[in-house]
Structures are given as structure tokens and as C-alpha cells.
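What follows is one structure encoded as C-alpha cells, with my remarks underneath.
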Amino acid sequence: MEKHLLALYQYKNQRIPQSQLAAHIGLSQKQLSRNLARWQSEGILDYVSGKGRSRYTVITWHVDIEASYYRQIKLLLNKGYLEDALPYLSWSWSTLTHQKLLTKSNKLLGFTKTPQNEDKLTITKRHSLLSTRPFEVLEAKNASVLMSVFDTLFKVKEDQTVEYHLAHHYECHEQAIDIYLRPHVKFHDGSYLSSVDVKRSLEHARSHQHTADLLEQITRIELIDELALRIHLNKCPQIVALLSHLSLAIYKETEGRHIGTGPYFIKRDNQYTTILKRFNDYYGHAAFIDEIELVYIPEVRKPVIGDSDEPMTTLTKNIGFYYMCQHPDSTLTSDQKQYIKSILKNEYHLTVDRQAPKILGNSNYLKQKEILRPAFDEPIRIDCIEINDAGRQAFDTIFSRHQIAYELINHTFDDSIGGTIQLCGDYYFFGEYLDIPETLAYHHFIFGSSSSIHRLMSQYSWFYLVKSFYQMIPYNSWDRLNRLIDRKLDQHAILYPLYIVEDSITFARSLHGVSLNQYGFINFNQIWRKKSD
């Protein structure tokens with residue numbers, strides 16, 4: 001089967017110049033000409049080339065390519081070979097055929113048995129993993145899976161209470177913290193966790209571009225014994241909460257792989273599927289399900305967990321927000337900025353049918369005064385990350401209503417993650433989630449070097465002064481400071497939310513322990529299923 005041949009077949013009833021046809025199916029004109037000649041020699045089609053200006057390539061088909069390919073993929077699915085069929089689901093099919101394939105694929109989801117007679121749960125997910133290394137966790141899609149593979153020293157809950165994970169206990173000194181590790185913790189390769197592993201993980205994080213600023217207050221890490229270490233600090237009132245951050249999870253590198261100590265290990269990972277296998281030597285509560293397979297299908301918006309033929313339940317949770325961040329070099333006047341903030345905050349969430357916006361759980365913004373529309377001589381320019389049609393339409397509806405010219409500058413998600421994006425608009429429009437604890441997550445969102453808004457925020461004159469002020473006050477006072485900064489940024493139209501992001505999962509009622517975590521997905525090790533009678 002050939003991907004480009006199926007893509008070409010979708011234009012079988014259309015008259016298109018060959019240059020456009022080549023672009024549509026992802027080939028150069030030279031490559032298309034070569035392939036057309038080959039396919040003609042194989043008896044699949046006949047064609048008359050249309051290379052000149054306004055000339056059309058005329059193709060006569062002798063084989064129904066889509067029907068032939070559909071039968072082959074259907075055969076794979078009938079035999080239960082979902083993983084083999086997955087690469088073909090993203091090819092260019094007609095809408096009807098694609099839906100038939102997705103429906104047939106869904107029949108293979110839910111609970112099955114592995115060849116070893118173990119329980120296996122197969123779940124659809126929209127995005128594959130960008131990385132399997134914890135220090136490269138920059139977004140929720142990765143975090144939602146890797147939190148079952150890697151462990152942190154601590155976990156700080158929403159109410160600021162501390163749970164001990166790899167750490168058994170700790171002692172704080174004036175400029176240091178002593179951490180005592182839980183004994184007999186095993187990595188996924190069977191070796192035991194030691195203070196050397198913790199030091200190695202944290203030292204690497206101190207030098208890595210995504211995590212260096214998190215640990216900038218650490219001056220030295222000293223080994224006390226095999227299960228204890230001392231971290232020397234300047235000022236770091238948030239150190240315990242910081243060490244609960246997933247990107248600072250403890251890992252070990254072996255044979256080019258990064259392995260953890262979590263309830264599951266990664267058995268296989270590629271662009272089509274990730275398989276998690278239960279780690280039977282996990283130090284905590286063992287997971288109930290032996291194997292979890294995540295199947296990546298881009299068109300699937302909402303995952304269905306369990307057998308779709310069973311009675312289902314849906315859970316919904318607020319997991320983040322979309323925001324506008326003002327570029328410090330914007331030439332818009334203060335009145336223009338305030339007017340744009342007013343209309344977008346009041347109207348955007350209604351236009352996209354979402355909840356009224358806020359960033360913090362206890363955000364308390366000043367009431368906006370009514371503002372007269374100022375003159376706008378130049379279009380408003382907004383940098384966006386892979387904005388969808390609904391987002392475009394919302395901006396168009398609002399700005400058209402207020403007779404404001406605008407331009408959306410779209411960037412790829414990969415450029416955003418990779419740091420190669422060049423922001424040149426008046427505003428940056430993107431989404432964010434705040435991890436738990438929210439206190440630390442908000443600080444990292446505003447001041448962290450890996451934050452999506454760092455390249456803008458760090459250009460404001462007040463940035464480094466306010467950042468340093470956090471280190472001068474106790475961590476339990478950070479909430480109050482967060483609320484003040486959140487209100488001030490909103491008041492000056494520098495950063496403000498447009499709508500709340502909800503996520504939901506649908507799951508079979510026979511599953512128990514299902515809940516949405518802060519990343520909008522589930523904790524695999526908490527799921528269990530009643531055995532049928």
C-alpha cells in the first residue's frame with residue numbers, strides 16, 4: 001500500500017493543475033511525474049500530463065485504490081492486529097471510509113487478554129509522547145503518562161500537605177535540606193535506588209535548559225550516605241514543593257533509556273502506540289491492570305476508557321486556561337490595550353461557549369470600567385499556536401463586531417516547544433495548565449524559563465526584581481503574592497485569561513478508581529475493575 005497513491009485517489013473526480021496536485025499529496029512535481037509513470041506501467045491508472053500553465057492532469061483509474069486498501073486494513077482489524085493497522089488510520093481516506101475504519105478500530109478497545117492471559121486495557125489518545133525523559137516534560141500530554149513511570153521525592157497536594165514518595169523524611173536547616181530516602185526502592189531494571197541516583201538526576205536538572213532555573217538556588221549537593229543527601233541552598237523556601245515537580249523526577253539512564261521507579265514501565269513507545277507494563281516490584285501499592293496500551297489516533301478528541309458496549313460515565317474537570325499576553329514592544333496605546341482586554345475578556349468565552357475566565361482558583365480581578373472605543377489605525381497582530389477554526393472564528397466575530405482590523409500569525413506547536421518561535425505580534429494567544437501545587441505552578445508560569453510566556457515576561461523592567469522578592473518571603477505567603485501579581489498583570493492588560501479549558505473522559509462503569517488528574521487524564525495505577533461473576 002502506498003500513502004501517496006491513496007492521497008492521489010481522493011482527487012479522482014477533480015480537475016487540478018499538476019503543480020497543485022503534487023502539493024496536495026505531499027510530493028514535488030518531479031516525484032509525482034515519476035510515480036504517475038510507474039503507476040501507469042503497473043496498470044493502476046492512465047494519465048495525460050498537464051504541466052503547462054492552467055493545464056490539468058487527466059487521470060483514468062483502473063483500480064479502486066480506496067476500496068482495495070480498505071479491505072486490507074479491515075482484514076488486519078478483523079484479526080485483532082490494531083497496532084499494525086494504526087499507521088494507516090492517518091492516511092487520506094474519504095470521510096465515510098475513515099469513519100468505518102475508526103468504528104472498527106474502536107471495537108478493539110477496552111479490556112482484552114494478552115497472550116500471557118494478563119489483563120490489558122487499550123485506550124485511545126490523540127497525541128503521542130514528545131519525550132519519555134522526565135526533565136523534558138513541558139506539557140500535559142507527556143506528563144499525564146510519565147507520572148505513572150517516574151516518581152518524585154515528594155508530592156505536595158492542593159492543600160499544601162506533603163506526601164512522601166521516594167523520600168522517607170527530610171530535615172530543613174538554615175541553608176540546606178537533608179533528604180532521607182525510602183529504603184529498598186527498585187528501578188525498573190531491578191537495581192536499588194540510592195542517594196547517588198538522586199544526586200545524578202538533580203545535577204543533570206541543574207544544567208538542563210528546561211529545568212536549570214527551577215534549581216538556581218541550589219549551590220551544592222552532598223552525599224551523606226547511601227540513602228541520604230544534603231542539598232545546599234541560598235534561599236529557597238519552596239524547595240519541598242519544587243522537588244514534587246514531575247520534571248525533577250528521579251531516573252536512571254541505562255543503555256540509552258531513561259527508567260524510573262513508578263508503578264508502570266514503558267514496554268514499547270513509538271508514534272502509533274505506547275505500552276505500559278505493570279512493575280511488580282513497585283514499592284507502593286501495586287497497579288491492578290497488568291498492561292495499558294495507549295493508541296494514538298489524531299482524530300480522536302475524547303478518549304473512551306473501557307468497553308464501549310458497557311454503560312458509560314463521563315467525568316469533566318477544569319484543567320487550564322487560554323490567555324492573552326501582551327508583547328512589551330507593542331506600539332498600542334494604553335487605551336487600545338485596555339479596550340482590547342475589555343472586549344476579549346467579556347466576549348471571547350461566550351463566543352466559544354466556555355466558562356468565564358480566571359487563572360488562579362482564587363483569582364479576584366478588579367471590575368473593568370466601561371471604556372470608549374479608541375481609534376485603531378493599524379491591525380492588531382496576534383501570535384497563535386496552531387489555532388483551530390473555532391478560535392479563528394471567535395476572534396473574527398469579536399473584532400468584526402467592534403470594527404477592528406486584526407491579523408493572526410500562526411506557529412507550530414513544535415516551534416513553541418523547541419523555543420525557535422519568533423513572536424512579533426502585539427499579543428501572544430496560547431493555552432496553559434497549572435500543575436499541583438498551584439502556588440508553585442503559577443510562579444513557574446510567570447517566571448520560569450521554560451514557560452510559554454518567558455520570552456515576553458522577561459523583557460519587562462520589573463520582572464527580575466519581583467522574581468527575587470519571592471525568595472525573601474516564606475513559601476506559605478506565596479499565594480497572597482500570586483494573587484497580587486495576577487491582579488496587577490490583568491489590571492495593566494499584560495496578561496489575562498480568555499476562557500477556562502475543560503477536559504473530559506468517558507469510561508465504562510465497571511471501572512473503579514477513575515478520576516481526572518491535573519493533566520486532564522487518569523492515574524493508571526488507581527484503576528481497578530470488578531471481576532465478572
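The values are calculated or read from the model by the stated rules, or taken from the named source; none is laboratory data. Computed from a predicted model, the values in this text were never measured in an experiment. Methodologically, a virtual Cβ is constructed for each residue, glycine included, from the backbone with ideal geometry; neighbour enumeration extends over all protein chains shown.
Just to verify a result, which residue in the stretch 280-309, among those that are modelled with pLDDT of 75 or more and closer than 17 Å to ILE505 by Cβ, is farthest from the chain's Cα centre (by Cα)?
ILE289
Among the aliphatic types (A, V, I, L, M), touching a residue at least 24 places away in the same chain (Cβ under 8 Å) and assigned to a loop (DSSP other than H, G, I, E, B): is that true of ILE387 in this structure?
The answer is yes for ILE387.
Can you tell which of ILE409, ILE398 is modelled with pLDDT of 90 or more and either crowded, with 18+ Cβ neighbours inside 10 Å or within 20 Å of THR333 (Cβ to Cβ) (or both)?
ILE398
Among the residues in the stretch 404-423, are any farther than 17 Å from SER452 by Cβ and assigned to a loop (DSSP other than H, G, I, E, B)?
Scanning the stretch 404-423, I find at least one residue that is farther than 17 Å from SER452 by Cβ and assigned to a loop (DSSP other than H, G, I, E, B), so the answer is yes.
Could you list all residues from the stretch 443-484 that are surrounded by 13 or more Cβ atoms within 10 Å (Cβ to Cβ) and either assigned by TED's automatic domain parsing to the domain that holds CYS236 or not in a helix (DSSP H, G or I) (or both)?
Within the stretch 443-484, GLY448, SER449, SER450, SER451, SER452, ILE453, SER458, TYR460, GLN471, ILE473 qualify.
Answer with yes or no whether TYR475 is in contact (Cβ under 8 Å) with a residue 40 or more places away in the chain and closer than 28 Å to LEU408 by Cα. Before you say what the answer is, go through the steps one by one.
On the way: in contact (Cβ under 8 Å) with a residue 40 or more places away in the chain: yes; closer than 28 Å to LEU408 by Cα: no.
No, not satisfied.
So which helices (runs of 4 or more DSSP H) stay within the stretch 1-115 end to end and still have 2 or more residues that are buried (at least 18 other Cβ atoms within 10 Å of the Cβ) and within 29 Å of the chain's Cα centre (by Cα)?
82-89, 95-106
If you go through the stretch 304-311 one residue at a time, do you hit one that is under 30 Å from ILE177 (Cα atoms) and either surrounded by fewer than 21 Cβ atoms within 10 Å (Cβ to Cβ) or not polar (S, T, N, Q) (or both)?
Among the residues of the stretch 304-311, not one is under 30 Å from ILE177 (Cα atoms) and either surrounded by fewer than 21 Cβ atoms within 10 Å (Cβ to Cβ) or not polar (S, T, N, Q) (or both), which makes the answer no.
Restricting attention to the stretch 152-169, does a residue exist that is within 16 Å of the chain's Cα centre (by Cα) and either surrounded by fewer than 17 Cβ atoms within 10 Å (Cβ to Cβ) or in a loop (DSSP other than H, G, I, E, B) (or both)?
So in the stretch 152-169, the residues within 16 Å of the chain's Cα centre (by Cα) come out as none.
Checked against the condition, which is being within 16 Å of the chain's Cα centre (by Cα) and either surrounded by fewer than 17 Cβ atoms within 10 Å (Cβ to Cβ) or in a loop (DSSP other than H, G, I, E, B) (or both), the stretch 152-169 yields no hits at all.
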